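Read-outs throughout are calculated quantities, based only on the coordinates presented, and are distinct from any laboratory measurement. As the structure is a computational prediction, the values presented were derived from the model and not from experiment. All Cβ positions, even for glycine, are placed from backbone atoms using ideal geometry, and neighbour counts span all protein chains on display.
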Amino acid sequence: MTDLGSRIREIELKISKAARRSGRTAEAVALMAVTKTRSPVEIQDAWDAGIRLFGENRVQEAALKIENWPRECVSEWRLIGHLQRNKARKALALFSRIDSLDRLDLAQDLERILAEKGGEIEALVEVNTSGEISKHGVSPEGLEKLMEDILRTCPRVKLRGLMTVGPLEGGQASVAEAFCLLRGLRERMSGRLGLQMPDLSMGMSDDFEMAIEQGSTCVRLGRALFGPRE
């Protein structure tokens, strides 16, 4: 087994234990490999070790990888980074899901393009649960209005849940608070809007076990899988 394969097995064990602590099974939590800046060789190694879900931050970088990815290596690619409106058409051509939808004008651009193509796209709404100005995402206070507007005007954009990035500072208590907030927002929005939202994407290399304990259904791991970026 390669070093990457060993790390994946260790991470899967941690996911399983954290899932049990939250009263779930490991199958309830998806492991996403974050491949920003990673080479095609590294990504292929991850696929060979069993990873099938990949997340990219930038449309232009992702296009070089996805368009040259071997067709026989069946995989799912999702956008997890900030999406500029002028990249919306390309993003729809590359990704199965947009996990970082955070504003109405972007949703409406996606809707318009999808209407031309006759398709639809799944999406997660990104929420800035920490209030850090360096982060993208709708504020918790603005979430309900944004979701109402998307549901009303963008029927081809299928909202599946919420996504957040834990705070960079403040320690474990702040991280746990952010994840707990996102879980509460999902429950509240589901009730108020009558919408099934099964997915909570939260947890990265430093905090994924805590995120699972708070209900995460997808953890996004880069450094924990591949090691530090050069």
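Miscellaneous remarks
- Condition met for A26 (over 22 Å from K135 (Cα atoms) and in contact (Cβ under 8 Å) with a residue 40 or more places away in the chain): no
- Any hit, the stretch 30-39, residues being under 18 Å from the mean Cα position of the chain (by Cα), closer than 30 Å to I150 by Cα, buried (at least 17 other Cβ atoms within 10 Å of the Cβ) and among the polar types (S, T, N, Q): yes
- Across the stretch 60-110, the number of residues qualifying as assigned to a helix (DSSP H, G or I) and of a type in the set (S, T, N, Q) comes to 3.
- Test for G161: is it on the phi > 0 side of the Ramachandran plot and in contact (Cβ under 8 Å) with a residue 24 or more places away in the chain: yes
- Residue, surrounded by the most Cβ atoms within 10 Å (Cβ to Cβ), within the stretch 171-230, restricted to residues that are part of a loop (DSSP other than H, G, I, E, B) and among the polar types (S, T, N, Q): S216
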